[in-house]
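Participant: Supplied in structure tokens, the structure appears directly below.
The values are calculated or read from the model by the stated rules, or taken from the named source; none is laboratory data. Quantities reported herein were computed from a predicted structural model and do not represent experimental measurements. Methodologically, a virtual Cβ is constructed for each residue, glycine included, from the backbone with ideal geometry; neighbour enumeration extends over all protein chains shown. For the accessible areas, the whole protein counts, side chains as well, though only heavy atoms, and no ligand, DNA or RNA atoms are used. Shrake-Rupley method; radii C 1.70, N 1.55, O 1.52, S 1.80 Å.
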Amino acid sequence: MIEAYLLKEHTPPTVKIYLRDIKVYLDYMTEEKAAVATYKDIMQYVDYLRKQYQNPRTINRMLYGVKAWYHWLIHTGKRDDHPCRYLSLKDAKEQDIQLQDLFTSTELEQLMERKERYESVRIRNQVAISLLIYQGLRLTEVEQLRMQDIDLEAGTVYSKGMAKTLPRTLKMKPRQIMLFYKYIHEIRPELLKRNTDLSTGALAQEDQLILNIRGKTMSADSINYLIETFKNHFPNKNLNAKAIRQSVIANLLKEGKDLRVVQVFAGHKNPSSTEKYRQTGLEELRAAIQKHHPLQ
């Protein structure tokens with residue numbers, strides 16, 4: 001059953017949301033048509049959602065459920081391709097950075113403290129989250145990390161960058177080094193054993209750093225859902241990977257770090273991309289007043 005499949009990777013509350021959103025998709029599409037749907041078909045469904053819901057984040061969340069359903073079809077051998085794996089909607093993306101809504105370093109640290117039922121899951125989750133709150137990586141940058149990108153002796157993480165970010169080598173926090181050591185030498189080998197190709201006995205994806213509990217690559221979507229499970233801790237803020245990265249960059253500038261140093265850290269190609277995170281005390285006060293006591 002798909003529920004059992006989802007529970008291997010997600011918490012019960014998240015699975016409940018997935019199943020609800022999948023039902024909406026199948027009711028709209030019919031399961032028969034959905035099983036052979038193309039990217040174009042799914043974009044028609046997205047257009048339908050845009051007419052039904054005004055909140056772009058709701059539409060993005062419902063799309064995650066659709067993606068999870070196709071991952072399940074691939075897992076069960078009912079389909080060998082994913083029609084919307086890399087579909088990323090721009091609806092919810094805002095150009096302006098609302099600095100007053102970002103997270104302090106202390107708040108970000110709370111994401112590292114949650115208990116998990118299984119020690120292996122806790123360590124893996126902390127590794128993934130630490131790359132967001134300490135190195136300020138994008139979700140896709142975390143997903144694409146390989147074993148050779150981690151140098152425990154030097155205490156560094158190498159990101160090869162993306163279309164919008166430059167390659168860079170980033171220092172690890174002291175607490176990360178022991179955490180990564182335990183994950184790499186104890187947790188990850190056990191996860192990797194679960195992804196053995198029985199026909200050849202070979203281990204798949206042996207160089208991928210972050211693995212899910214089935215020993216396969218932990219996708220950017222899965223990491224994003226992990227972050228979303230913390231939303232109840234911050235009911236008045238929008239918690240997601242993008243907000244975390246913005247917070248990390250803004251906090252460095254607020255601490256007085258040189259703009260050029262922060263630009264290199266963030267992988268920004270242009271100083272202007274970093275400059276927009278800078279905020280004076282007066283601007284911060286005005287933003288807070290406007291948020292809590294807006295003038296009509």
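Participant: Conditions: (1) open to solvent by 90 Å² or more (accessible area, probe 1.4 Å); (2) in a helix (DSSP H, G or I); (3) modelled with pLDDT of 85 or more. K269 meets all but one. Number of the miss?
Facilitator: Status for K269: all satisfied but (2).
Participant: Conditions first: (1) surrounded by fewer than 13 Cβ atoms within 10 Å (Cβ to Cβ); (2) modelled with pLDDT of 60 or more. P294 passes all but one, so which condition is the exception?
Facilitator: Every listed condition holds for P294 apart from (2).
Participant: Only one residue in V248, V264 is modelled with pLDDT of 90 or more, among the hydrophobic types (A, V, I, L, M, F, W, C), open to solvent by 70 Å² or more (accessible area, probe 1.4 Å) and within 18 Å of M162 (Cβ to Cβ), so which one is that? Even if it seems obvious, please write down each step before you answer.
Facilitator: Numbers: V248 fails: open to solvent by 70 Å² or more (accessible area, probe 1.4 Å).
After applying the criteria, what remains is V264.
Participant: Another question, then. Determine if segment 11-27 includes at least one residue that is within 24 Å of T217 (Cα to Cα) and loosely packed, with under 12 Cβ neighbours inside 10 Å. Lay out the reasoning, then the answer.
Facilitator: Filtering segment 11-27 for residues within 24 Å of T217 (Cα to Cα) gives 11-19, 21-22.
This time we only want the ones that are loosely packed, with under 12 Cβ neighbours inside 10 Å, so: 12-13.
Checked against the condition, which is being within 24 Å of T217 (Cα to Cα) and loosely packed, with under 12 Cβ neighbours inside 10 Å, segment 11-27 yields at least one hit.
Participant: Further question on the same structure: Check E3, E9 and return the single one that is under 22 Å from the mean Cα position of the chain (by Cα) and part of a loop (DSSP other than H, G, I, E, B).
Facilitator: On the way: E3 fails: part of a loop (DSSP other than H, G, I, E, B).
After applying the criteria, what remains is E9.
Participant: So, in segment 205-248, of the ones that are of a type in the set (F, W, Y) and out of contact with any Ser or Thr (no Cβ under 9 Å at 6 or more places or on another chain), which residue ends up nearest to L7 (Cα to Cα)?
Facilitator: Applying the first criterion (of a type in the set (F, W, Y)) to segment 205-248 yields 225, 230, 234.
Filter once more, so that each one left must be out of contact with any Ser or Thr (no Cβ under 9 Å at 6 or more places or on another chain): 230, 234.
Numbers: F230: 17, F234: 24 Å.
So, considering only residues that are of a type in the set (F, W, Y) and out of contact with any Ser or Thr (no Cβ under 9 Å at 6 or more places or on another chain), the one nearest to L7 (Cα to Cα) is F230.
Participant: Might you check whether a residue that is open to solvent by 20 Å² or more (accessible area, probe 1.4 Å), of a type outside the set (D, E, K, R) and closer than 30 Å to Y45 by Cα occurs anywhere in segment 168-179?
Facilitator: Checked segment 168-179: no residue is open to solvent by 20 Å² or more (accessible area, probe 1.4 Å), of a type outside the set (D, E, K, R) and closer than 30 Å to Y45 by Cα.
Participant: If you don't mind, there's one more thing I want to ask. Go through segment 29-78 and report how many residues are more than 26 Å from K237 (Cα to Cα), open to solvent by less than 90 Å² (accessible area, probe 1.4 Å) and assigned to a helix (DSSP H, G or I). Please lay out each step first, then the result.
Facilitator: From segment 29-78, those more than 26 Å from K237 (Cα to Cα) are 29-45, 47-48, 69-78; that's our starting set.
Now restrict to residues that are open to solvent by less than 90 Å² (accessible area, probe 1.4 Å): 29-30, 34-35, 37-38, 41-43, 45, 47-48, 69-77.
In the following step, the residues that additionally are assigned to a helix (DSSP H, G or I) were identified as 29, 34, 41-43, 45, 47-48, 69-75.
Total satisfying the criteria: 15.
Participant: Looking only at segment 192-212, which residues are buried (at least 17 other Cβ atoms within 10 Å of the Cβ) and either in contact with an Asp or Glu (Cβ under 6 Å, 6 or more places away or on another chain) or modelled with pLDDT under 85 (or both)? Even if it seems obvious, please write down each step before you answer.
Facilitator: If we filter segment 192-212 for residues that are buried (at least 17 other Cβ atoms within 10 Å of the Cβ), which is where we start, we get 192, 195, 208-212.
The answer is N195, N212.
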